[in-house]
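The values are calculated or read from the model by the stated rules, or taken from the named source; none is laboratory data. Bear in mind that the values here come from a model prediction, so they are computed numbers and not experimental data. Methodologically, a virtual Cβ is constructed for each residue, glycine included, from the backbone with ideal geometry; neighbour enumeration extends over all protein chains shown.
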Amino acid sequence: MTGLILFGLALLAAVYMTHPRFRRFRISSARFFTALPQPKKRQPRLRFGKIQLTLPFFLQLGVLLCILAAVWLSGRTFTLPVSQGMGVWVVLDTSASMSTIQDGSPRLETAVKEAEQVLNRAQDPVKKGPVCFRFSTFDMERRDFVVSGNADTVRRALTGLKPREMGTDLAIIRQTLSSTGRGTPSSPSCNVSHVVIISDLPAPSWIKEKFSIEIIWLDIGKPVNNTGLVVFKPLKNPLNRSVTDVQVEIAAYGSPPANALFQVFEPGGKPFVKQPLNFQTGKTVYAHFKPSSPGVYRMQVSPGGAYGFDDSASLPVSPSKTIRVDWQLPDREIPGQLGWTLDSLKPDLRVMPGPVPGPVSVPVSTASNPVPVLLVGSGYVEDTGKPSVIRDFIESSPLLRDVNLDVVETLALKDGGMPEGWKLQPVLRTVDNAIWLAQSKKPLCAYVAGLPTGKDDLQGRFSATVFFNALRWLLEQEGFEPGNQNRWMLYKDEGNTERIPLSSGSLDRLRPGTAAANKIELWPFLLLVASILFLIERTVLK
Amino acid sequence: MKIDIPPLPLSRAHLERYRVRSRYRDRPGLVGGHQMRRKGQSLEFHDFRQYVPGDDIRHVDWRASARHGKPEDLLIRNFAAEEQLTLLISIDTRDSLFLPEPAPKAHIAAWLVEAVSWIVLRSGDRVFLHRLFGSPHGSVHDLYGSGSSVRTRQVLKQFLSAAADETAERLNLDILQRYLKPSVIWMVISDFYFDMETGGRILGRRLAEAQDGSRWIFLVDLESWEYEKQLMGLGPRKIEGPALPVPSPSLEIDTPVLNEVEERIHRSKKFFRDHIGRGGFDYITWKWPGTKSFDMPSFFQDCFDNDLDLQRLFMRESENR
């Protein structure tokens, strides 16, 4: 190709050396120039030193280069940027923290005003093209109010919004941004080009990642003072499920109040605990109380500050009760010793022989009524003449709590094998492939090799330890059902009102972007340019 | 072809001085035999007319002047036998007169007509303006009286703005039969670039016939060859212009070629002059300077003021004739 170009250039130069440019003259004596004799002294035809660098030469050179470039670039394409309108997606935070009073009004009101500002800026008819809008809210979930509409539609959707008693899940936003872009329109009638997120949270660091759309994060939060409950944890007796203690974490954000007070009220409303909160050593204070009777205990922090949802919480304490058990083992001595009630219809726990042949005959796990199952193996061998050797074990398993593995290697199991159909994970296994302990979270199930022997020896202590470890683990997994007034599930940081605001981007970036149109072949344009140059050279300069 | 005629570079005062100076000089011997009607030699009174400088003071009627005219006016007695000077100006309007483009001959021709006509009309004489080539329709205009000097320019514009047609190279001479009276001075302004076998021969014959009637023939040759030669220079050229059988011939212009063209022009004009006849006519040549640029008004003024042959048109008849 290079040779072809050089040949073309040389050819053009030769033409302009051998074919000099005749200058035109219009004169009155033209009639006397007819049939003139040829000049006796002819000029040399090829004059390398006198190439005619005239405008036609350069035009013809341009034509030649364009044609050669068209051949060279055939198959090459370029994308023509085309101005498009905007698709603006307004995403508003409606988590509980948006109820925080800031400058005399809830943060949500400020956020709604900011959203109005976004709508007005995006709708500037002079600078912007056609604009469509989406509107959603987010907290622990995303709710889409307007999938495609105009500013008035969004304004109507903004009316009546209230903070929800929920935390904030930023993963929702990240996932939304990752899946939104021009190439993957989430709405067929409104291609989103800009996402404006209005929240009281600072812009997360990942907002700087490269997304296919323009992202503007507007943090409308301002630091304000707040004191409130962060988390509380009821501790239960695993055998009778009674709440024995409640641990509470209280935090102050901004300037801690001097006279903060933590109170707990009994089910009857009578103050039960009254504890001044001293924030001098730090901004977090821990408290605890022991419920004395069943009922709903109400915790309160005063003064609560700008954010109200963390000022109080309720904890229902169930009365202690005996365990109802579906005992399917022949030895029925143990339930009586533990004070359990035998109930096969509505059991709290089901105890079954370990190696269950064939398919599971008992529905041990359903979505509506999961019942923990304890599988018990064939038991231990009396004579330990053949000690066991441990093959593997899960050290972190709660079934191995307080277990001395050296003792295990002095014991032996009766033949039994792994129970089938339970998808148990072995916790302790010996080299002969005997399963000593196993567990499964779904379905909730534990396997022990045998019942407690009741003897005061290594075997007796081991069998009792692993049996009660399994019981405790199974009964601890039972879910805690919060009442309507409980706030303990609130997102932990909702009450953090002292964050430094951090926005990302500004509304000035609300302008139409460019999108790549269809790829266009380059060579036709080069030929067009060549044609225009040729036309000029042939007509205008003639 | 459309062309704007620039204003005459000579002022009225300049033309008046030129006219008076010419009338106070005696015309030397004429080149050829032709007849000039003598004025004021009859004893039969005809009428009065206003005195203009240059008139014989002896013809002033002092009594009539004192009775009818203003103090500064004098009346001249006209006698019946007196004939006016009649100047017939034929102007070439072919395409070649509009060249060379930087200094067209048509400008000089128009200025010359305008200046000469003004002087003649100022003297109370008559001017016929004639378009030498093209259609005979509207090709002759009769101008008489000093007020007609304004019309001169209008007629010139009409002549020079006339669209070129198939008759543009055809001589327009038949219409002149009734204007070529014996006492007429026939002035032809052209570059005399003719096709010899047609234009040159015909015009020459007509001029010879006019001479036979004792008319004064006065030819003004506007020659721009030297200037065009400088414009062209040497080298490869495409020549364009009127009357080319092959349009835009590409030529290698060198000195022999230029000499050949110059010789052709010389031969052509000689051929034309040879066909006029006896040779008793005035032939003046105004040559464009051989430089690439010059000032046309200055060139015209220089030619006009210093051309004694032209000045002879306005001189008094010599006493010894």
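Between A:293, A:312, the distinction of being farther than 30 Å from residue A:345 by Cα and of a type outside the set (A, V, I, L, M) belongs to A:312 only.
Of all residues in segment A:271-287, those that are assigned to a loop (DSSP other than H, G, I, E, B) and either among the β-branched types (Val, Ile, Thr) or surrounded by fewer than 11 Cβ atoms within 10 Å (Cβ to Cβ) (or both) total 3.
Going through segment B:184-196 one residue at a time, which ones are within 12 Å of chain A (Cβ to nearest Cβ) and not small (Gly, Ala, Ser)? Matches in segment B:184-196: B:191, B:192, B:193, B:194, B:195, B:196.
For residue A:49, the test of being out of contact with any helix residue (DSSP H, G or I) (no Cβ under 7 Å at 6 or more places or on another chain) and either at pLDDT 75 or above or within 14 Å of chain B (Cβ to nearest Cβ) (or both) is failed. Residues considered: A:227, A:244. Of these, the only one that is farther than 27 Å from residue A:498 by Cα, polar (S, T, N, Q) and part of a strand (DSSP E or B) is A:244.
Looking only at residues in segment A:231-250 that are in contact with a Lys or Arg (Cβ under 6 Å, 6 or more places away or on another chain) and modelled with pLDDT of 85 or more, which one is nearest to residue A:86 (Cα to Cα)? First the steps, then the outcome.
Narrowing segment A:231-250 to residues in contact with a Lys or Arg (Cβ under 6 Å, 6 or more places away or on another chain): A:238, A:243, A:245, A:247.
Next, only the ones that are modelled with pLDDT of 85 or more stay: A:245, A:247.
Values: A:245: 57, A:247: 52 Å.
Of everything passing the filter in segment A:231-250, A:247 is nearest to residue A:86 (Cα to Cα).
Residues of segment B:149-160 include at least one that is β-branched (Val, Ile, Thr) and either in contact (Cβ under 8 Å) with a residue 60 or more places away in the chain or surrounded by fewer than 14 Cβ atoms within 10 Å (Cβ to Cβ) (or both).
Would you point out the residue of segment B:254-296, among those that are of a type in the set (A, V, I, L, M, F, W, C) and part of a strand (DSSP E or B), that is nearest to the other protein chains (Cβ to nearest Cβ)?
Step one: of segment B:254-296, the residues of a type in the set (A, V, I, L, M, F, W, C) are B:257-258, B:261, B:265, B:271-272, B:276, B:281, B:284, B:286, B:288, B:294, B:296.
If we keep only those that are part of a strand (DSSP E or B) too, we end up with B:284, B:286.
Details: B:284: 18, B:286: 14 Å.
Result: B:286.
If you filter segment B:255-283 down to residues that are among the basic types (Lys, Arg) and within 18 Å of the chain's Cα centre (by Cα), you find that the one that is modelled with the highest pLDDT is B:269. Within segment A:429-443, the set of residues being touching a Ser or Thr at 6+ places or on another chain (Cβ under 8 Å), among the hydrophobic types (A, V, I, L, M, F, W, C) and crowded, with 20+ Cβ neighbours inside 10 Å comprises A:434, A:436, A:437.
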